[in-house]
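The values are calculated or read from the model by the stated rules, or taken from the named source; none is laboratory data. Treat the numbers as computed from the prediction; the structure is a model and nothing was measured. Virtual Cβ from ideal backbone geometry, glycine too; neighbours counted across all protein chains shown. In case anyone asks, the SASA skips ligands and DNA or RNA and just uses the protein heavy atoms, side chains included. Shrake-Rupley method; radii C 1.70, N 1.55, O 1.52, S 1.80 Å.
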Amino acid sequence: MSRAVLFLTFVLLPCPAFAGDPLPGTKPLTAEGDLAAQMVTGIDKYLMLELEASVKKRQEYWKPDYSSQEAYTKSVEPNRERLRKILGVVDKRLPVTELEYVSTTTQPALVAETDSYKVFAVRWPVFEGVDGEGLLLEPKEKPIANVIAIPDADWTPEMLVGLAPGVPKESQYARRLAENGCRVIVPVLIDRKDTWSGNSKLGRMTNQPHREFVYRMAFEMGRHVIGYEVQKVLAVADWFCRENGHARVGIFGYAEGGLLAIHAAALDQRVDCSVVSGYFGPREGVWSEPIYRNIWSYLREYGDTDLMRLTIPQRLIIEPAEFELGGPPASGANRTGAAPGKIGALDVTKCAAEWRRDPQFFPDAEKGFWKGRTFLLAKFNINANRFESVSHPGDAASGPFLEELCGKDRLTKEGRIGSDARKNFDPAPRQKRQFDQLVNFTQKLLRDSGDRREETFWSKLDKSSLDKYQASTQPFRNQLWEEVIGKLPKPTEPMNPRSRPIYDEPKWKGYEVTLDLYPDVFAYGILLLPKDLKEGEKRPVVVCQHGLEGRPTDVCNPKEKSKYYNSFGAHLADKGYIVFAPQNPYIGQDKFRVLQRKANPLGLSLFSFIIRQHERILDWLAEQPFVDPDRMAFYGLSYGGKTAMRVPAVLPRYCLSICAGDFNEWVYKNATVDYKGSYMFSGEYEMPEFNLGHTFNYAEMAALIAPRPFMVERGHDDGVGIDEQVAFEYAKVRRLYSKLKIPERTAIEFFDGGHEIHGKGTFEFLEKHLKWPAVKSQNPSTKSQTNANPK
């Protein structure tokens, strides 16, 4: 069962408010319409403003020292290292001492030969189990330069060399450079087809482009399809530079190849000259592009001009060639799940504006070692008052590139185009090899991630006392919030609480409440207040959290018996608890998923907002005269269970957390291709969290909740996972609490049911740890006896 089943709750509108006074200390809540939708819209406005502001804000990360070339290189090295990390360029490459010719008994390694160069099918090592593959164009005379010619993802090397149709002669820059004496290697990129995106043995195939399929699993493991391919490019540079006195090195890329070219050049100073064609421009709209271009925290520090800074003292040529891309492959009955995303037509005016964003790099600026290092090859149409794009990528840039790289002032006349000696060559098997290697490499990272977390997390915890344990977890709490989830600044708006009555039940009254955080961003929820509260009495609060596409009314309204929630908030209020049911912003399908796309490049996520909303809710609750601020607990189902793992791990004021219908071997569920219920096959493209696999699985998050009480509620038939995986991950939690000498503070309840609130062992857990006597009332579900862990 997917979490998407909770979509049914999306169509249920909140109960209409009725006349009555607001809560004491609050103003009347007069807002009309769908407050959940307004919340999502407000967060969207906030993010759009932050994306726009990121251009100026990112300058805080740059401290260039122009006193000398050496000083400059040293001053921007921290920027280069941070770029390396977020691209996932962190694995040590294998040495490349030679290239391997690729041939079989029927397919020769010598693919083609002309008067001036030969073409070979080659491969080279990158990591254990990962090779680069492509074509080597070897000139018959001594090479005047070494060039890595990177095609677009949907171009094969054969197209760029003229051995296969698909690329106009004017754009075959690999062939043209070889004709002019350059040694050229053309690597294969992972393409945008969906042929192998899934697991046919499990019957789970998707319409995700191959690049997205690799991206999803890699992102969870702190890697990236961009980073993998940059590594393949730099492995070629390793081979070019293996001996002293080697020829100069250049990189020439178009579209996706242009993206790789500028990032490779920014990371490696061995590159002498680069061409970026069909890519350069402002990046603040990257959220609308294919998701495999999503890079965590990228826009906080980098735009294309900032990458340009990292290429100094190289020469960089920007060719505004035309490039446009529609959405992912079409979905079908058995192929769905791809994230939306398109690449619009290149706006050359915006490209030029990005190029001129930093006046230090203008060719006509005051001379210095950093001056005049970049060139924009764009024609300005005086009549139309605009820049014009280049129709054929490579056509305008090949000559200037050759001149900057090796001093040759012009291209020679075109020579004869060779023919492929391989009969009926099919590039698909080679593409599959490249795809499978990256999938297998990432899956091994997944399998090994537990050992990595043991080394970097568990071994650092001090279990000798509870005080020392809590002190030892604080750095990890900061890491989870700041580096994995993303930490928003403190709220800038006054709380300004507003409320209005919404329920009047025999034992309690309900109020809608809103609290401000930032302009257009607010928290919203429903407070259930028992009627038998005595003056001066302070009671425990249970914050009851809905799941995906849910609303506070799903957990609070006793007259709407959802089969998932069983009105558990209302039942707890019947027992005398104060209940608060927040609205979380994971509602509206792609409307909220796009928030994740807009947040990620800023180093933020949807949970960046959720944490601040819950923090404000706790602030407000703690101020209420009827609330015991030391007894504020959390209980959430499904996406609310996802919240139960993250928010209390970051906010210690939650004295207890119960995760229902979500606890799992979470990293495995996100990144594996061997489990039918993996998010790798679903349309929930917002699920991957950058490098979560090497930092915090659910046991690690539970460790940040410890020594506070923690419980898992799990239905045997709940499709979000399988009992064996849930029990495997929970065993680590149970062991931790035992080592801390507090085993009674944790429990797991298995029950005969599905994706729902069971409300038996969990209610007992609340009663025990909140020290609130249970009022006799029927539990929301009494289907079976609990199999709770022994205390």
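With the simple spin-label model, which puts each label point 7 Å out from Cα in the Cβ direction, the Thr30 to Ser465 separation comes to 5.7 nm. How far is helix 639-650 tilted off the main Cα axis of the chain, in degrees rounded to 10, range 0 to 90? Between helix and principal axis, roughly 90 degrees.
Among the protein heavy atoms of segment 204-246, carbon and sulfur supply 35% of the accessible surface, probe 1.4 Å, non-protein parts ignored. With a simple spin-label model that places each label point 7 Å from the Cα along the Cα-to-Cβ direction, the separation between Arg356 and Glu98 comes to 5.3 nm. With a cut-off of 11 Å between beta carbons, the residues surrounding Lys57 carry a summed charge of -1, where Lys and Arg count +1 and Asp and Glu -1.
Sequence gap at least 6, Cα distance under 8 Å: using those rules, report the relative contact order of the chain to the nearest whole percent.
Details: 1697 pairs, mean separation 116.6, N = 791.
About 15 percent, as a whole number.
Taking the Cα centre of segment 141-243 as reference, the dipole from Cβ charges on Lys and Arg (+1) and Asp and Glu (-1) amounts to some 220 debye. Split the chain at each of the GluC sites (Glu not before Pro) in a DSSP loop with at most 12 other beta carbon atoms within 10 Å, and the longest piece is 538-791. Taking the DSSP bridge list for the chain and keeping only pairs wholly inside it, about 45 percent are antiparallel.
Before I look further, what does the chain give for accessible area per residue, probe 1.4 Å, in whole square angstrom?
Numbers: 29690 Å² over 791 residues.
For the chain, the solvent-accessible area averages 38 Å² per residue.
Modelled spin-label separation between Ala731 and Glu482, with each label point placed 7 Å from Cα along the Cα-to-Cβ direction: 3.5 nm. Set the Förster distance to 56 Å, then compute FRET efficiency between Lys45 and Ala164 from the Cβ-Cβ distance, nearest 0.05. After rounding, the FRET efficiency stands at 0.70. Placing a label point 7 Å from the Cα of Ala330 along the Cα-to-Cβ line, the residues of segment 188-224 whose backbone N sits under 19 Å from it are 192-197, 205-210. For the chain, the longest principal axis of the alpha carbon atoms and the long axis of helix 761-770 meet at an angle near 70°.
Give a quick list of trypsin sites (Lys or Arg not before Pro) in segment 98-169 that DSSP marks as loop, anything other than H, G, I, E or B, with at most 15 other Cβ atoms within 10 Å. Don't jump to the answer; show the numbers that get you there.
On the way: sites: Lys118, Arg123, Lys140, Lys169; in loops: Lys140.
In loop regions of segment 98-169 (DSSP not H, G, I, E or B), the sparsely surrounded trypsin sites (Lys or Arg not before Pro) are Lys140.
For the Cα atoms of the chain, what angle does the longest principal axis make with the long axis of helix 590-599, in degrees from 0 to 90, nearest 10? Tilt relative to the chain: about 60 degrees.
Placing a label point 7 Å from the Cα of Asp91 along the Cα-to-Cβ direction, the residues of segment 690-726 with a backbone N closer than 18 Å are 690-695.
Of all the accessible heavy-atom surface of segment 437-487, with the other protein chains kept in place and a 1.4 Å probe, what percent is carbon and sulfur? Let's see the in-between values first.
Values: 1200 of 2680 Å².
The C+S portion of the solvent-accessible surface of segment 437-487 is 45 percent.
Among the listed pairs Lys232/Lys591; Lys509/Lys534; Lys85/Lys669; Lys490/Lys598, those with a Cα-Cα distance over 26 Å are Lys232/Lys591. Counting only Cα atoms, the size of segment 180-322 along its three principal axes is 54, 33, 30 Å, in decreasing order. Sites counted here are chymotrypsin sites (Phe, Trp or Tyr not before Pro) in a DSSP loop (not H, G, I, E or B) having no more than 14 other Cβ atoms within 10 Å; the longest part of the chain that contains none of them is 370-791.
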